[in-house]
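Following: one structure in structure tokens, then a few remarks.
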Amino acid sequence: MLQVDKLTKTYPTGQKALDACSLKVEKSQVVAVIGPSGAGKSSFIRCINRLVEPTEGQIWLDGSEVTALAPDQMAKMRRHMGMIFQEYNLVERLTVMENVLSGRLGFVSFWQAFLRKFPQADIDRAFDLLERVGLAGYENNRADALSGGQRQRVGIARALIQEPKILLVDEPTSSLDPKTARTIMGLIAELARERGLPALINIHDVGLALMFAERVVGLSEGRIVFDGAPDEVDEQILTRIFGEADWRQTIRHAAEDAEALERRRAAAPDGGDGAEPAWQSGAAR
Amino acid sequence: MTGDPSMADGIYTPTGRRIWRRRSRPETLRRFGLWLIGVMIVVWAITGLNVHWPFVLDAPQQVADLAGRMMPPAWSFTGEIVAPMIETINIATLGTILACVLSIPVALLAAQNTTLNRTTLWIARVIVVTSRSINELVWAIIFAAIFGPGPLAGVIAIGIRSIGFTAKLIAEGIEEIDRGQVEAIAATGASRAKVIAYGILPQIMPTIVGVVTFRWDINIRQSSVIGLVGAGGIGITLNSAMNLFNWPQVTIILIAIFIVVMASEWVSNLLRKQFT
């Protein structure tokens with residue numbers, strides 16, 4: 001599915017953000033990319049859809065070489081990559097519906113987009129997604145009237161309406177309070193699994209990463225220093241990624257949380273929804 | 001500090017107390033010199049005016065005399081200035097719409113973050129500077145020569161004159177937008193035009209509305225004078241009244257312009273509050 005070969009990014013300032021990073025995602029899985037601030041997580045994810053231009057290396061998605069595409073072909077390729085941002089990056093002065101539909105911009109003509117005449121199929125999908133992320137009834141609210149958690153739900157819907165082949169998620173929870181952060185992270189992981197989408201999630205919160213991801217990649221100073229399952233992550237590995245600190249609490253809490261989540265998931269009859277009672281009751285008005 | 005070594009230790013009074021001065025002596029001298037040059041320039045400029053002093057001393061009588069001739073206003077003339085006044089407002093409004101339409105592409109090219117390359121940035125800036133540095137009366141004379149005297153020349157003169165102002169302020173608005181929103185729209189695979197329509201336009205809409213209504217208000221004032229050079233509107237009526245020394249008519253025209261300008265300022269304030 002996604003293959004990254006010796007990706008290197010050097011900024012014009014001479015700062016080397018990524019140094020020969022290679023990564024293969026061969027099936028639908030939630031991959032958490034952890035690492036300290038400045039480790040290159042954001043550059044890594046932005047190189048994949050070339051919001052940041054890679055300096056060296058190759059990126060392949062479903063057999064086509066992303067790094068070899070001309071600008072207009074790259075725009076077409078980006079339609080297959082859904083992205084979710086730390087600051088949500090919604091168009092603040094547009095409505096929730098316009099923001100969700102903006103995920104279809106690559107598929108409609110300019111005038112369709114400009115006059116807001118999206119195909120009915122897109123509109124149906126937008127309503128379904130809004131309901132799925134817990135924002136049914138919010139379609140005509142302006143984005144700047146929403147709370148942080150609600151904005152990120154819109155961000156998720158905008159990425160998913162693209163029907164992407166991969167989700168690129170950049171620190172989805174850093175601007176949220178701890179409880180909302182957990183809910184949003186759970187929602188993203190669950191939707192990715194539900195749709196069989198591989199998701200690359202940058203996250204500096206180790207607890208959340210270990211709780212929701214099936215695979216953890218550790219970045220430190222532009223290099224991949226760890227790639228494995230969440231239960232392989234121990235004190236030594238966290239020290240390798242982040243540096244010296246007392247990691248025992250973090251690991252113990254994450255393990256407990258993951259277990260609790262698993263129990264609730266098993267208890268829920270249709271599987272999965274048990275983890276999110278908070279947003280389903282809280283977001284519907 | 002100067003190079004004078006005694007300054008390093010400071011200056012002391014005979015009783016041994018340290019003196020503080022804001023500026024050293026050479027600095028004080030230099031500032032005095034600059035002041036002197038400034039005063040000389042002003043004196044030179046006033047002599048250059050060739051003022052005929054008897055006329056200046058005579059001014060109060062002249063004001064009284066003119067005021068006497070302007071009063072009472074020719075109220076009966078009111079009916080005849082309604083049509084030219086409406087034409088003035090129309091010239092201002094159409095000119096502003098023209099400016100608005102033309103200035104959005106110019107603004108996109110004049111903003112550092114949306115321009116295509118150095119050349120387009122440079123072209124847009126030349127357009128902005130040209131439009132702003134030529135007075136509306138000069139533009140009106142030029143377009144009256146091209147399209148013939150009349151309101152069309154006025155509309156185009158007002159429009160061209162306004163582009164610089166509106167494009168510059170809108171470009172400044174574009175330079176201040178949140179890049180994240182633009183990045184998110186680009187990440188969906190949208191083309192450049194769609195990124196502008198979804199990522200940039202909504203962000204600068206308040207700026208556009210504010211700048212354009214403000215400019216409309218300015219244009220009402222400008223379109224009432226361009227008639228002096230034959231480009232339509234109330235200015236033509238004003239010009240002929242003055243040529244005929246019909247001062248009571250001049251008074252009523254000035255009152256009408258005053259009322260319309262006040263009203264337009266009120267309307268533009270209202271619109272700006274409404275849209276931001």
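Tell me whether region A:117-128 contains one or more residues that are more than 8 Å from chain B (Cβ to nearest Cβ), in a helix (DSSP H, G or I) and more than 23 Å from A:L187 (Cβ to Cβ). Reasoning before the result, please.
Looking only at region A:117-128, we keep the residues that are more than 8 Å from chain B (Cβ to nearest Cβ), and these are A:117-128.
Keeping just the survivors that are in a helix (DSSP H, G or I) gives A:120-128.
Those left that are additionally more than 23 Å from A:L187 (Cβ to Cβ): A:120-121.
Scanning region A:117-128, I find at least one residue that is more than 8 Å from chain B (Cβ to nearest Cβ), in a helix (DSSP H, G or I) and more than 23 Å from A:L187 (Cβ to Cβ), so the answer is yes.
Hey, could you check region B:180-223 for residues that are facing chain A (nearest Cβ under 7 Å) and polar (S, T, N, Q) and say which is nearest to A:L167 (Cα to Cα)?
My answer is B:T188.
Can you name the condition, by its number, that B:P72 falls short on among (1) of a type outside the set (V, I, T); (2) at negative phi; (3) out of contact with any helix residue (DSSP H, G or I) (no Cβ under 9 Å at 6 or more places or on another chain); (4) not in a helix (DSSP H, G or I)?
B:P72 satisfies every listed condition except (3).
Among all residue pairs at least 6 apart or on different chains, which show Cβ distances below 8 Å where the first residue, located in region A:235-262, is in contact (Cβ under 8 Å) with a residue 60 or more places away in the chain and the second is assigned to a helix (DSSP H, G or I) and among the β-branched types (V, I, T)?
A:F242/A:V206
Per-residue answers, yes or no, for (1) more than 16 Å from the chain's Cα centre (by Cα); (2) touching a residue at least 12 places away in the same chain (Cβ under 8 Å); (3) surrounded by fewer than 20 Cβ atoms within 10 Å (Cβ to Cβ); (4) under 22 Å from B:I218 (Cα atoms):
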| site | (1), (2), (3), (4) |
| --- | --- |
| B:L98 | yes, yes, yes, yes |
| B:V101 | yes, no, yes, yes |
| B:A110 | yes, yes, no, no |
| B:N113 | yes, yes, yes, no |
| B:L116 | yes, no, yes, no |
| B:A124 | yes, yes, no, no |
| B:V138 | no, no, yes, yes |
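Tell me whether region A:86-99 contains one or more residues that are assigned to a loop (DSSP other than H, G, I, E, B), within 14 Å of another protein chain (Cβ to nearest Cβ), β-branched (V, I, T) and surrounded by fewer than 23 Cβ atoms within 10 Å (Cβ to Cβ). Steps first, please.
Pass one, region A:86-99, residues assigned to a loop (DSSP other than H, G, I, E, B): A:86-94.
Applying the additional criterion that residues be within 14 Å of another protein chain (Cβ to nearest Cβ) yields A:86-94.
Narrowing further to those that are β-branched (V, I, T): A:91.
Retained after the next criterion (residues that are surrounded by fewer than 23 Cβ atoms within 10 Å (Cβ to Cβ)): none.
Within region A:86-99 (the criterion being assigned to a loop (DSSP other than H, G, I, E, B), within 14 Å of another protein chain (Cβ to nearest Cβ), β-branched (V, I, T) and surrounded by fewer than 23 Cβ atoms within 10 Å (Cβ to Cβ)), the answer is no, since none of the residues qualifies.
Which condition breaks for B:L244 when tested against (1) over 18 Å from B:E87 (Cα atoms); (2) aliphatic (A, V, I, L, M); (3) modelled with pLDDT of 90 or more?
Status for B:L244: all satisfied but (3).
In this structure, is A:A136 buried (at least 16 other Cβ atoms within 10 Å of the Cβ) and either within 17 Å of the chain's Cα centre (by Cα) or not in a helix (DSSP H, G or I) (or both)?
It is false that A:A136 is buried (at least 16 other Cβ atoms within 10 Å of the Cβ) and either within 17 Å of the chain's Cα centre (by Cα) or not in a helix (DSSP H, G or I) (or both).
Just to check your reading of the model, which residue among B:T207, B:T251, B:T213 is assigned by TED's automatic domain parsing to the domain that holds B:A167, hydroxyl-bearing (S, T, Y) and either modelled with pLDDT under 85 or within 30 Å of B:A67 (Cβ to Cβ) (or both)? If you could, list the steps in order and put the result at the bottom.
Values: B:T207 fails: either modelled with pLDDT under 85 or within 30 Å of B:A67 (Cβ to Cβ) (or both); B:T213 fails: either modelled with pLDDT under 85 or within 30 Å of B:A67 (Cβ to Cβ) (or both).
Unique residue meeting the criteria: B:T251.
Test B:A187 against the stated conditions and say whether it is of a type in the set (A, V, I, L, M, F, W, C) and touching a strand residue (DSSP E or B) at 6+ places or on another chain (Cβ under 6 Å).
So B:A187 passes the test.
If only one of B:L34, B:L66 is without any contact (Cβ under 8 Å) to a residue 12 or more places away in the chain, out of contact with any Leu (no Cβ under 6 Å at 6 or more places or on another chain) and either in the same structural domain as B:I255 (by TED's automatic domain parsing) or part of a helix (DSSP H, G or I) (or both), which one is it?
Working: B:L66 fails: without any contact (Cβ under 8 Å) to a residue 12 or more places away in the chain.
After ruling out the rest, the residue left standing is B:L34.
Could you please find all residues in region A:33-58 being more than 14 Å from chain B (Cβ to nearest Cβ) and either among the acidic types (D, E) or under 25 Å from A:P230 (Cβ atoms) (or both)?
A:V33, A:I34, A:G35, A:P36, A:S37, A:G38, A:A39, A:G40, A:K41, A:F44, A:E56
I'm checking my understanding of the structure. Among residues of region B:174-195 that are in contact (Cβ under 8 Å) with a residue 40 or more places away in the chain and surrounded by fewer than 21 Cβ atoms within 10 Å (Cβ to Cβ), which one is farthest from A:Q112 (Cα to Cα)?
The extreme case among them is B:E175.
Select the helices (runs of 4 or more DSSP H) contained entirely in region B:188-276, then report the ones holding at least 1 residues which are more than 30 Å from A:F85 (Cα to Cα) and aliphatic (A, V, I, L, M).
B:201-223, B:234-243, B:247-275
The values are calculated or read from the model by the stated rules, or taken from the named source; none is laboratory data. Since the structure is predicted, the reported quantities are computational estimates derived from the model, not experimental observations. FYI the Cβ positions are ideal-geometry reconstructions off the backbone, even for glycines, and counts take in every protein chain you see.
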